[in-house]
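**Student:** Sending over a structure as structure tokens; questions will come in a sec.
The values are calculated or read from the model by the stated rules, or taken from the named source; none is laboratory data. Predicted model only: the values in this text are computed from it and were never measured. Side chains are part of the model used for accessible areas, which takes the heavy atoms of the whole protein and leaves out ligands, DNA and RNA. Shrake-Rupley method; radii C 1.70, N 1.55, O 1.52, S 1.80 Å.
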Amino acid sequence: MSSVSERYQVIIVGAGPVGLSLALMLALKDYRVLVLEKEAGTAEHSRAPAIWPRTQEILADLGVMDRFTEMGILKPSLEIYDVDRDTCLFRAPLETLSDQTRFPWLLIIPQARTESLLLEALEQHPAANIRFSSEVTELSQRDGCVDVHFTAPAGESVVSGDILVGCDGAHSFVRHAIGAHQEGLTYAMQAALADVRISDSIALHSPRLTTTPGIAVGIRIEEDTWRLILPFAKGDSIPLERRVEEAVENLFHHSKWEPVWRSEFRLHRRISSVFSRGRVVLAGDAAHLNSPVGGQGMNAGIQDASRLAPAIEQALRSDPEETLQAYGDSRRAQIAQGVNRVTDIMTRILLAKQGRFIRLALSGANLALRVPGLRKKILRRMAMLD
Ligand SMILES: Cc1cc2nc3c(=O)[nH]c(=O)nc-3n(C[C@H](O)[C@H](O)[C@H](O)COP(=O)(O)OP(=O)(O)OC[C@H]3O[C@@H](n4cnc5c(N)ncnc54)[C@H](O)[C@@H]3O)c2cc1C
């Protein structure tokens, strides 16, 4: 067994968007940070494409927002186009929040870009050290520090940190290692997700929705690349390839297209039983998971990082275990009452009766947005400003 070779103030497990944001926040303040990532590089798939105003404010504080704006698509007004009825079904005028945020728009950018931009910024900081192909396999807490065992191409190593943060995603090893378990549920509806390249699609309305024969939503995530979201009932056994082909036909009536990737997912609402234990704390999908309806999962994770960073600074000064526990308890309550609950309500409404109410639900939300007293409240909630 190797002995402890290096000591850091903070060790972060996982170089997803949450681990990278947190590492950047701490490196900017000159804390010695190590990020351990089991894969050879950041992820290549587009996954979460939506970045809401509150998250953009956080990215701006990290000094990376100009690059995001340069590479993303800005939506000052989020309009959902109803393909079947050739009309705008829902309109959320985010631009009316211009007196409340510097970023009154939705930014669309593939998650792979988000990760590469964060990594690019992180690599410029001498206080941060990132190691890919390094899988954490064991943790132990002793005498005011956490020992972390990881395997890398060069063999097994042990490093030690004052604090360890598990940003290691839905199947978190760190969560398991601290004896926490996930609470929550898996929805009866499932979803197929796919990215497709559609030629000559730049002028088409995005997002777009059809409900015939089943629900299909298309969101343009790059110039000619669209994310398709195709909810379906458990037991509906149409092959994925055909499901995507039909959705492209129904959404775009288009013959020239090619698949980029596609997959089927179960949808969950889950939260870890605790967010911290001793000097170990969880953030992002490791701590909480919700359905992609509303596009808030990654955003909530980056917002965890912005709340956790000051708690870590305080914990490094004094009372680390109490400070992290106070952070964990309060953040867990916020997530349970906030993102997890709101996303759960939206998911249930939109997927009720296999999606038969989706048009009604969106029309209802559209009407609510016309009521002056409600509009700001709903928009602030969408923008994640509350
Ligand atoms: C297909 C898909 C579509 C999605 N769409 C949306 C969306 O539209 N909007 C939205 O907000 N969210 C969406 N999400 C969710 C979003 O992608 C996640 O919320 C986000 O990636 C969470 O970031 P994270 O950094 O917490 O975890 P992850 O991105 O999962 O990163 C965790 C990292 O930890 C690494 N790791 C794991 N175990 C170890 C270990 N033992 N040692 C070292 N490294 C380890 C992994 O390799 C990974 O790189 C989607 C997810 C999927 C899968």
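**Student:** Could you work out which residue, out of ARG47, ARG269, ARG102, moves most in a Gaussian network model of the chain, that is, has the largest mean-square fluctuation with Cα springs under 10 Å?
**Tutor:** ARG102
**Student:** Rounded to two decimals, what ratio of Rg to Rh does the stretch 184-268 give with C-alpha atoms and a Kirkwood Rh?
**Tutor:** The Rg/Rh ratio comes out at 0.97.
**Student:** Here is a follow-up. In whole Hz, with x marking every Gly and Pro, tabulate ³J(HN,Hα) for the stretch 46-62 from phi via Karplus 6.51 cos²θ - 1.76 cosθ + 1.60, θ = phi - 60°.
**Tutor:** Each residue's phi maps through the Karplus curve to give 6, 5, 7, x, 9, 10, 7, x, 4, 5, 5, 4, 5, 5, 5, 5, 8 Hz.
**Student:** On to the next question. For the chain, find the longest principal axis of its Cα atoms and tell me its angle to the long axis of helix 320-337, 0 to 90°, nearest 10.
**Tutor:** Value to nearest ten degrees: 10.
**Student:** Moving on. Determine the share of the stretch 184-268's accessible area contributed by carbon and sulfur atoms, expressed in whole percent, with a 1.4 angstrom probe.
**Tutor:** Whole-percent figure for carbon plus sulfur exposure: 50.
**Student:** Among ALA40, ALA326, ALA154, which one shows the biggest mean-square fluctuation in a GNM of the chain, springs joining Cα atoms closer than 10 Å?
**Tutor:** ALA154
**Student:** Can you tell me the accessible area per residue over the stretch 341-386, all protein chains present, probe 1.4 angstrom, in square angstrom?
**Tutor:** Spelled out: the 1.4 Å probe surface of the stretch 341-386, per residue, equals 61 Å².
**Student:** Taking the chain as the reference, fit the longest principal axis to its C-alpha atoms, fit the long axis of helix 17-27 to the helix C-alpha atoms, and give the angle between the two in degrees, 0 to 90, nearest 10.
**Tutor:** Helix 17-27 and the main axis of the chain meet at about 40 degrees.
**Student:** Quick query: amide H of ILE221 versus all other amide H atoms, modeled in the peptide plane; which residues come in under 5 Å with a sequence gap of 5 or more or a different chain?
**Tutor:** Close amide H contacts, sequence-distant or interchain: TRP226, ARG227.
**Student:** On the accessible surface of the stretch 270-362, probed at 1.4 Å, how many percent belong to carbon and sulfur atoms?
**Tutor:** Carbon plus sulfur share of accessible area: 51 percent.
**Student:** Ordering THR151, THR212, THR343 by how much accessible area each has at a 1.4 Å probe, largest first, what is the list?
**Tutor:** THR212, THR151, THR343
**Student:** Could you provide, to the nearest whole Å², the per residue accessible area of the stretch 184-268 with probe 1.4 Å?
**Tutor:** Per residue, the stretch 184-268 has 47 Å² of solvent-accessible surface.
**Student:** Using only the heavy atoms of the protein chains and a 1.4 Å probe, how would HIS253, HIS149 rank by accessible area, largest first?
**Tutor:** HIS253, HIS149
**Student:** Looking at the chain only, what percent of DSSP beta bridges run antiparallel? Nearest 5 please.
**Tutor:** Percentage antiparallel, nearest 5: 75.
**Student:** Which of ASP195, ASP162, ASP30 moves the most in a Gaussian network model of the chain with Cα springs under 10 Å?
**Tutor:** Maximum fluctuation in the GNM of the chain, among the listed residues, is at ASP30.
**Student:** Using only protein heavy atoms and a 1.4 Å probe, report how much of VAL371 is accessible, in Å² to the nearest 10.
**Tutor:** The accessible area comes out at roughly 70 Å².
**Student:** Rounded to the nearest whole Å², what accessible area per residue is found for the stretch 86-141 with the 1.4 Å probe?
**Tutor:** 44 Å²
**Student:** Separate question: Before anything else, pin down the relative contact order of the chain: Cα pairs under 8 Å, at least 6 apart, normalised by residue count, whole percent.
**Tutor:** Dividing the mean separation by the residue count of the chain yields 20 percent.
**Student:** Sticking with this one: What does the helix-only formula give at 222 nm for the chain: each DSSP H stretch with n ≥ 4 adding -39500 (n - 2.57), the total divided by the residues, and the result rounded to the nearest 500 deg cm²/dmol?
**Tutor:** After summing the helix terms and dividing by residue count, I get -10500 deg cm²/dmol.
**Student:** Turning to a different aspect of this structure: Kirkwood Rh, the chain, all Cα pairs: how many Å?
**Tutor:** Computed over Cα pairs of the chain, the Kirkwood hydrodynamic radius comes out at 21.7 Å.
**Student:** Compare ILE238, ILE109 by solvent-accessible area with a 1.4 Å probe and give them largest first, with all protein chains kept in place.
**Tutor:** Final ranking, largest accessible area leading: ILE238, ILE109.
**Student:** Could you please state, rounded to a whole Å, how far the C-alpha centre of the stretch 204-262 is from the C-alpha centre of the stretch 331-346?
**Tutor:** Their Cα centres are 28 Å away from one another.
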